[in-house]
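Engineer: I'd like to ask some things about the structure below.
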Amino acid sequence: MNFELMLNDYALPWGIKVGLALLIFVVGRYAVKILVKVIKRVLDRVPSMDSMLVNFAVSILNALLMLFVIIAALNQLGVDTSSLIALIAAAGLAIGLALQGSMQNFAAGVMILVFKPFKSGDSIEAGGVAGVVENVQIFSTTLRTGDNKEIIVPNGGIYGGPITNYSARATRRVDMVFGISYEADLRQAKAILEQLLADDERVLKEPAPVVALSELGANSVNFVVRPWVVSADYWAVYWDMNEKVKLRFDEAGIGIPYPQMDVHLHQSES
């Protein structure tokens, strides 16, 4: 056996290839680590970027760059990487089709974290449910209902339809309708409604509250009452106003009618 021939024709060329492949892997891994760290620092300084989204994006970037480094190292060893790349692409396509629903939720989660239509603590209605946002994750959002139930909603269902954020604005308008009988004093009823709004410190002066006759209904004369309040006081003002209006109308003898029907009987002679 010619050891010199083996050394020159096999050992040295393969040793050089293995050495270069290891060098590419080590240097590439170090370069990827530095690059990912720099990108993470840049993204962390962007105020609109959520930390969860930054960490997820950085981990995906790190995996992709390391995949390129491994392919480059294998290519240096003489491995045909074209078939490997095709295999990886086919596997990615199969996984994407299998996880189509999950990928939709992931994409919606990224959009929520980037554009921030709501945040933790906001009261929202989306995806067919309403509640207070407790946690926003990549694939789902956790809501807490008024009766303290926890609802986990897929992000695809939330971002795929209308999102109502009740906490987005500092103030809200309370829309109420009060009906009085046709026999009641119209001016007196309107004055009572205006006085109740003026006496409530939670009702804002600007924009000015509205009390107006809206409809001559089938059974009642209807007033719309629309005060503006701080968003946190919405339900308290709504409930209190309904109670106060009923008590004051009773004191003033103003009737609040309910749907009724007059039945006329005719007796026929046989």
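Values in this text are rule-based calculations from the coordinates and carry no lab data. Not measured: the values here are computed from a predicted model. Cβ sites come from the backbone with ideal geometry, for glycine too, and all protein chains shown count toward neighbours.
Engineer: For labels at Thr171 and Ser59 in the simple 7 Å Cα→Cβ model, what's the distance in nm?
Structural biologist: A separation of 4.5 nm, rounded to one decimal place.
Engineer: Quick check: residue separation of Ala198 and Lys17 times 0.36 nm, minus the Cα distance between them. What number comes out in nm? Show your work: numbers first, answer last.
Structural biologist: Values: separation 181, 0.36 × 181 = 65.16 nm, distance 8.70 nm.
Full-extension gain reported as 56.5 nm.
Engineer: What FRET efficiency comes out for the pair Leu74/Arg45, r = Cβ-Cβ distance, R0 = 41 Å, nearest 0.05?
Structural biologist: Working: r = 36 Å, r/R0 = 0.88.
In this case the efficiency is close to 0.70.
Engineer: What dipole magnitude, in Debye to the nearest 20, does the range 117-165 give about its Cα centre under +1 on Lys/Arg Cβ and -1 on Asp/Glu Cβ?
Structural biologist: Values: 3 positive and 5 negative charges, 15 e Å.
With Lys and Arg at +1 and Asp and Glu at -1, about 80 debye.
Engineer: Going by Cα centres, the range 115-161 and the range 169-195 are how many Å apart?
Structural biologist: Measuring centre to centre over Cα atoms gives 35 Å.
Engineer: 5 Å is the cut-off here: which amide hydrogens, built 1.01 Å from N in the peptide plane, fall below it relative to Thr171, excluding neighbours closer than 5 in sequence?
Structural biologist: Hits under the 5 Å cutoff: Ser231.
Engineer: Which value, in debye to the nearest 20, describes the size of the charge dipole of the range 108-260 about its Cα centre when Lys and Arg Cβ atoms bear +1, Asp and Glu Cβ atoms bear -1, and nothing else is charged?
Structural biologist: Details: 15 positive and 19 negative charges, 103 e Å.
Charge dipole, the range 108-260, about its Cα centre: 500 debye, nearest 20.
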